[in-house]
Structure formats: structure tokens, C-alpha cells
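Have a look at the structure below before the remarks.
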Amino acid sequence: MTVEAAATTGVGPQIPLGRPSACRSRSETTAMPASGSSRRAATSRCHATGLDGVTAAGWDRRGSRPRRVGPGKIVRMEPQPLVVLTGPPGAGKTTVASQVLVSASLGVHLRGDDFWHYIERGWIAPYLHGSHRQNEVVTTALGAAAAEFAAGGYLTVLETIVGPWLLGHAVAAARARRVPVFYVVLRPSPDVAMARAEARAAGALREAAPVRKMYEAFANLGPFEQYVIDSSLQTPAETAAEVLARLRERTAVLDVTLLPDRA
């Protein structure tokens, strides 16, 4: 089975969603014994206490821990999942993304809004007519950066507004790098989303018309409805817990056959 097929069917790399073990934490900050029996004894103690293997919190033994490949050799990391966390303005994406990563040993929160602001000249508000090509380019760049982090061993949450119409661009690099991709859409009720958007800090999108337009774009996602979480009555912590549950249960694994613009 190919890695892409594994991602589609839900069979593939394990997801390190719990806290790193005590032994792993020590190994990152304290030198191991030079060699021989002392090193084996230290390793055995970790294995004997279950701190270096699969724990109740869901750590896989590979986790996001560097492989020891010998002096002077390149340290390799196991690829970690890319979680595309999306939804309309006011869905709570930014707060939830940070909470999802609280228990990760290596985690990246990639904020999509930042990438649009990198355009110094020729920027078009992404919800306006004529912005589609710009949106494709920015989303592709976002996906490439996210894939690089995930391939390098970081559990990566890409927090941005990306519906099925641009999702293929967001995950193209991850698919090429054989990074497992998960998709989660936060979609509270229209009234809740509007209220939250209006309460956002200065500089964030708060205008009713564009917020409503983008909400309507997520109102009916067809086969992608399976990835939706209604966060209307949830606290950010409760929403983050549901996201983590979907990752552990692999119900948020992206089915790439649904992508409208897949290669």
C-alpha cells in the first residue's frame, strides 16, 4: 500500500498526540552514557517503565524524536501529520490551533493570515472578485511551508481559510512529501460566527458583508461535511479536544479522492 493510499484509508504513521515521555525529555537534555552496558542499561530502564514506548496518551515509539544515527551523521525525523484547520471567520481557528498543539513535543502553528500580508504590491482582498489566482498562489505557498515543517518532524497545524475549492493547492506539497494530511472544518452557527467575528481585535476582518460571504462558502460542503465540527456551544478547549479525538480516531484523514482539482 502506498503512503497516499494509507492516508486515504486511514492506515499509516501513528500520531504523537500525547506528551513526550520522561525518558525522551531527559534524552534531549542530558547526554546518554558513552557506550556499552551503561547505555544499554539506561535504554532498558526507559523500556522497562514504559516511558519510551506507546503510552496511554497515544505516543508512538517513533514520535517526533530524532533518530540516533551515529556521530557526524544527519539526524533524521519521522514525518508528522499536517492538520489543515479551517472554517469561516469567527470560527475560533486561531485559539483552537494553539490548544491542539499544547501536548506536542514538536509543534508548529502556521497562521495563514500572515501569508496574505506578505504581498507588498498587487494585493487583493481574498474574498473579492479577481483574487482567485492570488489565492491559489498564496495557498500553495502556505501548503509548501506546512509540508516542510511536517516532513521535518513537527506536528503542524495549518490554520487558514481554505475550503474544498483550494484544498488541493494546500495539500499538494504534503502529498508529494508523503506527509499524512488531516482536514478539520470549524463551523459554528451563523449568529455565533458573526458575533465572534465582530468581537475580534482591531486589524482582523470584522465587516459583516465579507464575513457573511465567507460563511456562506462553508455552509454546504457536500462530501466534505464529514470533516465539520459545530463549535457553537463549545469552549475552545472542548473544540480542541474534539479535534484531537478525530486525529486519534483517524476520522479526519483527508480522502484525496474528493479533491476537485487533484492531479
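The values are calculated or read from the model by the stated rules, or taken from the named source; none is laboratory data. Bear in mind the structure is a predicted one, so any value in this text is a computation, not a measurement. So basically every Cβ, Gly included, is an ideal-geometry build from the backbone, and we count neighbours across all protein chains shown.
Structure values in brief
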item	result
All positions within the stretch 230-263 that are in a helix (DSSP H, G or I) and either among the acidic types (D, E) or surrounded by fewer than 14 Cβ atoms within 10 Å (Cβ to Cβ) (or both)	A237, E238, E242, A245, E249, T257
Matching option when the condition is surrounded by fewer than 15 Cβ atoms within 10 Å (Cβ to Cβ) and either at pLDDT below 95 or over 23 Å from L221 (Cβ atoms) (or both), among L155, L128	L128
Odd one out for N135, checked against (1) over 30 Å from E249 (Cβ atoms); (2) without any contact (Cβ under 8 Å) to a residue 24 or more places away in the chain	(2)
Selected residue (criterion: farthest from P210 (Cα to Cα)) from residues of the stretch 115-133 that are part of a helix (DSSP H, G or I) and touching a helix residue (DSSP H, G or I) at 6+ places or on another chain (Cβ under 8 Å)	F115
Selected residue (criterion: farthest from the chain's Cα centre (by Cα)) from residues of the stretch 219-233 that are within 15 Å of D191 (Cβ to Cβ) and in contact (Cβ under 8 Å) with a residue 40 or more places away in the chain	S232
Residue within the stretch 163-172 that is of a type in the set (A, V, I, L, M), in contact with a Gly (Cβ under 8 Å, 6 or more places away or on another chain), surrounded by fewer than 22 Cβ atoms within 10 Å (Cβ to Cβ) and closer than 14 Å to L259 by Cβ present	yes
Residue count, the stretch 161-194 (criterion: more than 17 Å from T239 (Cβ to Cβ), part of a loop (DSSP other than H, G, I, E, B) and either without any contact (Cβ under 8 Å) to a residue 60 or more places away in the chain or not hydrophobic (A, V, I, L, M, F, W, C) (or both))	4
